[in-house]
Structures are given as structure tokens and as C-alpha cells.
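To start, the structure itself, in C-alpha cells.
Each reported figure results from applying straightforward, stated rules to the coordinates on display, with no laboratory input. Everything numeric here is computed off the predicted structure, so don't read it as measured data. Glycine gets a Cβ as well: all are built from the backbone with ideal geometry, and neighbour counts include every protein chain shown.
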Amino acid sequence: MDRPHDVADPTPRLATLPPPAAGPVAGCPFCPGSEHETPPERWALRDHGPADGPGWRVRAVPNRYPVITPPEGAHEVVVNSDRHVAAFWDLGPEEAAWAARGWWEREHALARDARRTFVFLNQGAQAGASLEHTHTQLVGLPLDPPRLAAREAAFLGGPCPLCADLAAPGDRLVAEADGLVAWCPEVPPLTAVVRIAPRAHAPRWDRASAEALGRLLGGVMRAAAEVVGTDAANLWIHLGRADGPDAVHWHLEAIPRIGTLAGLELGAGVYGLVVDPAVYAARLRNALASPGAGG
Ligand SMILES: [Zn+2]
Ligand SMILES: [Zn+2]
């Protein structure tokens, strides 16, 4: 991280995302009052009112610009909040739990028909987001994505590597709550990845663990953003197949978008780390202990 730079650093800084809006934003298809701008809803956490009108807290709809369509697969969006919030961590813990409940509800529904489901969130232009109102995407795929297949093969090849890492995270532990652990893996797939997984081995999530995940996630993401210095972020969830092997240990990976991939990574598939996972974890614990201090 201390390398000299004399070309423009492409990493955006903190506070590139706007603060939460006071009310619905004109032109945003995910704000209350603009429900007609999306396809009809598939699910909503709703206080009042009929479908496709205001009165919801979390709302799931088919993606208007899908990467895959029925009958081959599905592509949905979960609008994480009825509030126009750009940074996931600007949701309160209960709001984040409601959002994650929505991810779980729709993942379960899509898993009935799809070979694989994949849940992911892109935040900020650097991370691939095209709309700023916080939302999560789900795809149901008729195939095994290469990275999920490789990860599953690693689980099937011997004792669970996540259980082994979780047994002694030592100074790589970041936070723990409601049976979930956030930690920096000893060998992360990319620099600055934080993992969250249940301490007890489980191939798939349940509603309670999904809601606990939401509660834990915002603080962890905010800490990572403050440590790395960017509010662009991605996260994704690796879940076992509904009819798949018990050897898989479900987990979430979150990553603030630090720098860009270069020749060695893209051409050779060799990834160097620019920060030691234990050093990164210590900085994350500090940021969690004093939220806002690093921003
Ligand atoms: Zn909005
Ligand atoms: Zn395990």
C-alpha cells in the first residue's frame, strides 16, 4: 500500500456516495411512489397498501434489464429499503435485517427452479452499480458458475476449510454476533476481502441467520470502507445448492473496491495481497470500535 504512485489513482475516495435523502427522489425507480417504474413485485415486506404501491419496507422485483430470463433462469432485484439510501451501512441494523430477510426469501424461491442461485450487491460506480438507491441482485442460473464450482470442490476435497479457519482466526477476527463470525481469511481471494459465515457449519442459510447477517453487515462494510478509503464495494454470498452436498459452508464475502486488477491478475490469475490479513483485521476492529473516526 506504500508503493509510490505517479499516475492518477483510479480509486474513488470516501463520500462519493450521497447521504440518505430526506424523502423519495424524483426519477429513482426504487423510491416509494415509483413502483410502476419496475416490473410487478414478487415479494415485499409491507406495512400496508396493495402490491405495487407504497407501504413497503423491502421490495423484490424482476430486473428490468436481466442477464438471464425465464425459462432458462431468473434475475431479480431486492430494493433494500424504502428510503433512498446509497450506502448500505446508512441503513439501521433492523432495516438491514429486513433487507437480508428479503434476500433470503427470494433466494429460497429462486432455488426451487435454478441449478444455482447467486446473491450480490454492487455499491458505487466503481463497483458496477448503475442506480444509487441501495439494492441487491439475485440470479438463478441453469449452470454451475466456475468460481462456485471450484469453491464447492475445495469443500468436498477434505475437512471444511472454513471450519478450520474459524476454529482459530486469532488476530484475524473482526466481529462476532448471533452465531456469525466476521474475519479476514488467511488466504483471501482478493486483497481486503472480509468473510462472514456461521460459526456452526451449514450449507445453506435460514431466515434467522440471514437477518443476523444483515445486522452485522453494515458495520463491517462501513469499517472496511473507512480503512481502505473508498465507499464503492461489492459483496456476494456463496450458498450450497438446495439439493447439494452438506460439505459446503455458506459464507458472504465483502470487498471495498481498492485499486484495479492489472496484468498479473487478469492474464495469469495470480493475485498479490497489498495488506496482510491480520493487519487489515486490526484496522477493521479499530474502525468498528470508533465508527466515523476514519471517515
Ligand atoms: Zn430511490
Ligand atoms: Zn464448515
| What is the list of residues in segment 187-225 whose amide nitrogen lies under 14 Å from a point 7 angstrom out from the Cα of residue 45, following Cα to Cβ? | 207-218
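How high is the relative contact order of segment 36-154, in percent, counting Cα pairs under 8 Å that sit 6 or more residues apart? Walk me through the intermediate numbers first.
Values: 215 pairs, mean separation 28.6, N = 119.
Computed value for segment 36-154: 24 percent relative contact order.
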| If packing is taken as the mean number of other Cβ atoms within 10 Å per residue, what is the order of 228-236, 32-40, highest first? | 228-236, 32-40
| For the chain, what relative contact order do you get, as a whole percent, if you take Cα pairs closer than 8 Å and at least 6 residues apart? | 19
| said: If I take the Cα coordinates of the chain and project them onto the principal axes, what are the three extents in Å, biggest first? | reply: 52, 44, 39
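Which helices pass in the chain if a helix is a full DSSP H run, must span at least 30 angstrom along its long axis by Cα, and must have mean Kyte-Doolittle hydropathy not below -0.5?
The qualifying helices are 207-228.
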| Residue among 67, 181, 227 with the largest mean-square fluctuation in a Gaussian network model of the chain, springs linking Cα atoms under 10 Å | 67
| query | To the nearest 0.05, what FRET efficiency results for residue 65 and residue 278 with a Förster distance of 30 Å applied to their C-beta separation? | reply | 0.15
| note | Contour minus Cα-Cα span, residue 37 to residue 290, at 0.36 nm per residue, comes to 87.1 nm
| Pairwise label distance in nanometres, residue 242 with residue 260, each label 7 Å out on the Cα-Cβ vector | 4.0
| query | What FRET efficiency do you get for residue 52 and residue 187 if R0 is 51 Å and r is their Cβ-Cβ distance, rounded to the nearest 0.05? | reply | 0.65
